[in-house]
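K.L.:
I have a structure here, written as structure tokens, and I will follow up with some questions on it.
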Ligand SMILES: [Zn+2]
Ligand SMILES: [Zn+2]
């Protein structure tokens, strides 16, 4: 039995600027979000731990993916500047502000260019 490769990406919730971890499993150039968990402290240690690699490919969602532990959103916005993952709360708003680097811009569809993640440990 072969298990898919799994990575953890840190996502920033724009509600209260709190980070959470998202577990992704790799399936043929797609990354499937399977789990999300709250991270208590916001600090550089977590950031460094999960920030080592860039995942490239499409994002999709497991049926059981629970969504953001803070706001419940199942959507992601990837920052074009830093590759940071953010909650997609602004379905009626054309702009977003990145919770990682503070860059703001127009919402655009994610094209599979990559986002920050690290190993599952
Ligand atoms: Zn959220
Ligand atoms: Zn950013």
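Throughout, read-outs are computed from the coordinates displayed, never taken from laboratory work. The structure presented is a predicted model; accordingly, all values stated were derived computationally and were not measured. Because the Cβ atoms are built from the backbone with ideal geometry, glycine has one as well, and the counts that use them run over all protein chains shown.
K.L.:
Hey, fewest Cβ within 10 Å first, where do 100, 31 land in order?
P.N.:
100, 31
K.L.:
For the pair residue 26 and residue 106, what calculated FRET efficiency results from E = 1/(1 + (r/R0)^6), where r is the Cβ-Cβ distance and R0 = 25 Å, to the nearest 0.05?
P.N.:
The pair residue 106/residue 26 has a calculated efficiency of 0.30.
K.L.:
Okay, moving on. Contact order normalised by length for region 6-116, with contacts defined as Cα pairs under 8 Å and 6 or more residues apart; what percent is it?
P.N.:
27
K.L.:
Report, as a whole number in µm² per second, the diffusion coefficient that Stokes-Einstein gives for region 6-116 at 10 °C and 1.306 mPa s using the Kirkwood radius over alpha carbon pairs.
P.N.:
115
K.L.:
How far is it, in nm, from the label point at residue 64 to the one at residue 97 when both lie 7 Å from their Cα along the line to the Cβ?
P.N.:
A separation of 3.8 nm, rounded to one decimal place.
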